[in-house]
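The values are calculated or read from the model by the stated rules, or taken from the named source; none is laboratory data. Quantities reported herein were computed from a predicted structural model and do not represent experimental measurements. For neighbour counting, all protein chains shown are included, and Cβ atoms are generated from backbone atoms with ideal geometry for every residue, glycine included.
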Amino acid sequence: MKTRTGICFPCGFRAAGINCGIKRDRKDLAVIISEKDCIAAACSTTNRVKSYSLLWALKNINNPVRAILINSGNANVLGGNNGWEITCNIMKKFADALGVDMKQVLFASTGVIGKLLPEDKIISSIEQLVCQASEDGGMDAAEAIMTTDRFPKHIEIETQIQARRRNTFVRIGGMAKGAGMICPNMATMLAFITTDAVISKSALKKALSEAVDKSFNMITVDNDQSTNDFVVCMANGLAGNRTIHLDTEDYEKFSVALTEACVFLAKKIAENGEGSDRLIEVQVHGAWSQKDARRIAKKIAGSNLVKAAVTGSWPNWGRIAAAAGSACSRFDPVKMKISIGQYNVFDGAPCNVDETIVRKELSKKQVLITISLNAGRESATAWGCNLTEEYVRINMEKE
């Protein structure tokens, strides 16, 4: 039995996911629809090469938004000179099917770069997709946006902000995809977040920017930055709560909940890295500045040598130290402490620790690496995954 999961968890959102023929036998086209106009905020890739779908979305993100169309299996990037025209044609059909203006719909794509988007297949499936959208369609949509992902990623959070109806609260829902081409500053990942909160545009933008900075911008799979990454949050106001403004108690509650949702989805993306079987969490404490803490955490989480050592369960803490030192940050190496799991392996000098025990820590599904720099008071956390031969195979054969 289906339930209201992910993006359908807040009031007033419907979703669906179907196969339109981009992929042979898997869902490849999804939709998120709101009952009423939403305010929206977004963060996207800094790659100079961008998907036509992303360019369309960024062009219209400041308008009242009613729905988002998402396809997987084709990135809609550098597929031909008429790529923008095809994108516009699809958006016109999508808007017509919803009975709204073209400026009120967004588009997102993920998949292979350099192939022309199959306009006819998508356009001929839009009516069916819109008709199938329902309050229990969140899981179908989460499956339809997957490419090399091994499992769908979704989250539901009930905030502590009182809604209009007694004993109900503002809700946040989300879904994401991503498994490869993941590096700091986002990558081939898409994340869609919905909320029924009544919130000001400025408050939503700031809350999303802060949440992304602590979550999606702190994950890495392979240090390759994509052309399509896009995080968008839609708020339709159907909870009827008091308007959330910046620098208020409700803003803090909303920001904390939104960050929790984004961190959960980001960790699932790192855990689902192509060919990986272990999630690596890197915690940095005692950094001189927040920038230093983030640099070091991301550098270690993204180090191929560290990733390979985790795969081989090899407790070579020297690779961790080397990665930290290469991050152009301020600290004294002899004051540094490194731990793998709960075991100290370096504390100004190598620690006397049983290698067999540390190997067991590195073979766990979730590997924790902690660095204490004793250079300041700032901290940061990054997430990555191990590197295996399967990653190479997947990217040789990727659809």
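One table, with the values for the structure above:
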{"item": "Residue in region 252-269 that is part of a loop (DSSP other than H, G, I, E, B), on the phi < 0 side of the Ramachandran plot and either modelled with pLDDT of 95 or more or buried (at least 19 other Cβ atoms within 10 Å of the Cβ) (or both) present", "result": "no"}
{"item": "Top-ranked residue in region 159-180 [being at pLDDT 95 or above and under 24 Å from the mean Cα position of the chain (by Cα); ranked as nearest to GLU85 (Cα to Cα)]", "result": "MET175"}
{"item": "Yes/no for ALA142 being within 15 Å of ILE70 (Cβ to Cβ), assigned to a helix (DSSP H, G or I), in the same structural domain as GLY240 (by TED's automatic domain parsing) and of a type in the set (Gly, Ala, Ser)", "result": "yes"}
{"item": "Residue check, LYS298 touching a helix residue (DSSP H, G or I) at 6+ places or on another chain (Cβ under 8 Å) and buried (at least 22 other Cβ atoms within 10 Å of the Cβ)", "result": "yes"}
{"item": "Verdict on ASN47 being assigned to a loop (DSSP other than H, G, I, E, B) and in contact with a Phe, Trp or Tyr (Cβ under 8 Å, 6 or more places away or on another chain)", "result": "no"}
{"item": "Residue match in region 1-24 (condition: within 17 Å of the chain's Cα centre (by Cα), assigned by TED's automatic domain parsing to the domain that holds ARG165, at pLDDT 95 or above and not in a helix (DSSP H, G or I))", "result": "no"}
{"item": "Top-ranked residue of region 315-341 - restricted to ones that are loosely packed, with under 15 Cβ neighbours inside 10 Å and in contact with a helix residue (DSSP H, G or I) (Cβ under 8 Å, 6 or more places away or on another chain), ranked as farthest from ARG377 (Cα to Cα)", "result": "SER326"}
{"item": "Hits in region 101-145 (condition: small (Gly, Ala, Ser) and either surrounded by 15 or more Cβ atoms within 10 Å (Cβ to Cβ) or farther than 26 Å from LEU78 by Cα (or both))", "result": "ALA108, SER109, GLY111, SER125, ALA133, SER134, GLY137, GLY138, ALA141, ALA142, ALA144"}
{"item": "Residue satisfying all of: in region 103-125; free of Cβ contacts under 8 Å to residues at least 40 places away in the same chain and farther than 18 Å from THR147 by Cβ; farthest from the chain's Cα centre (by Cα) among these", "result": "ASP120"}
{"item": "Test: VAL100 is in contact (Cβ under 8 Å) with a residue 40 or more places away in the chain and of a type in the set (A, V, I, L, M, F, W, C)", "result": "no"}
